Amino acid sequence: MHASTILVADAVIVAGLAAVFGHRLIKNYHRKVETPDAYMIKNVKSGLVIRPKDAGIADGVPIIQYTPQNWECTTWQMIKIDEETYLLKDLYTQKSFAPVGEPVAGTQLAQRPIGGDKHQHWQFNRQDDGTYTIQLAGSDLYITSTSSTVDDRLVLQPASDDTDQRWTLTQQHPII
């Protein structure tokens, strides 16, 4: 088979795929770039962001810290529930997260389906320096980064003045 024949066949396949999936790809692209209140949530001390481990979509996937990227799996839509209280929806997995078991000091976080769980409600407390603490609503526990290591799990801890509980929000609209 000649190279020109292969190129023509490839062009026909690409044109066919574009005709079949083009509308869906464009619709998906617009959904992503038009998602309101979508943020990367970055820890001040570690410089790492909140993400489901390996961008896994299963329930129970650990919530970890990862290097900042303009990816869906590091972007969280903040859905307002009440004054300063939000449900966080990961743009890639379309899920939220909550404590594993009863929320006590040291409890790790894991991915959960959205809704019906008050432990998915997070209060964003703005600090004087423009950062936030993220408090599990109805508790005295805060999302805490315990190291500067990629893939380490995030945990809940009582309030401290350390920057391991301070977070910044960077609006982003990922396309991957």
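This table checks each residue for (1) among the β-branched types (Val, Ile, Thr); (2) surrounded by fewer than 20 Cβ atoms within 10 Å (Cβ to Cβ); (3) touching a residue at least 60 places away in the same chain (Cβ under 8 Å).
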{"residue": "LYS89", "(1), (2), (3)": "no, no, no"}
{"residue": "GLN94", "(1), (2), (3)": "no, yes, no"}
{"residue": "PRO99", "(1), (2), (3)": "no, no, no"}
{"residue": "GLY106", "(1), (2), (3)": "no, yes, no"}
{"residue": "PHE124", "(1), (2), (3)": "no, yes, no"}
{"residue": "ILE134", "(1), (2), (3)": "yes, no, yes"}
{"residue": "ILE143", "(1), (2), (3)": "yes, no, yes"}
**Request:** Would you check if ASP162 is acidic (Asp, Glu), in contact with a strand residue (DSSP E or B) (Cβ under 7 Å, 6 or more places away or on another chain), in contact (Cβ under 8 Å) with a residue 60 or more places away in the chain and surrounded by fewer than 20 Cβ atoms within 10 Å (Cβ to Cβ)?
**Result:** no
**Prompt:** Just wondering, is there one or more residues in segment 53-71 that are of a type in the set (D, E, K, R) and either within 9 Å of the chain's Cα centre (by Cα) or modelled with pLDDT under 95 (or both)?
**Reply:** no
**Message:** Going residue by residue through segment 95-106, is there one that turns out to be assigned by TED's automatic domain parsing to the domain that holds ILE81 and either in contact with a Phe, Trp or Tyr (Cβ under 7 Å, 6 or more places away or on another chain) or among the basic types (Lys, Arg) (or both)?
**Reply:** yes
**Asked** Does any residue of segment 60-80 turn out to be in a loop (DSSP other than H, G, I, E, B), closer than 11 Å to LEU109 by Cβ and touching a helix residue (DSSP H, G or I) at 6+ places or on another chain (Cβ under 9 Å)?
**Response** yes
**Item:** When residues of segment 109-122 are limited to those that are surrounded by 15 or more Cβ atoms within 10 Å (Cβ to Cβ) and under 16 Å from the mean Cα position of the chain (by Cα), the one nearest to TYR39 (Cα to Cα)
**Value:** TRP122
**Request:** At least 3 residues that are at pLDDT 95 or above and farther than 24 Å from ALA58 by Cα in each: list the strands (runs of 3 or more DSSP E) lying fully within segment 87-176 that qualify.
**Result:** 121-126, 132-136, 167-171
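The values are calculated or read from the model by the stated rules, or taken from the named source; none is laboratory data. What you see is a predicted model, and the numbers here were worked out from it, not measured in a lab. A quick note on method: Cβ atoms are made from the backbone with ideal geometry, for glycine too, and the neighbour counts reach across all protein chains shown.
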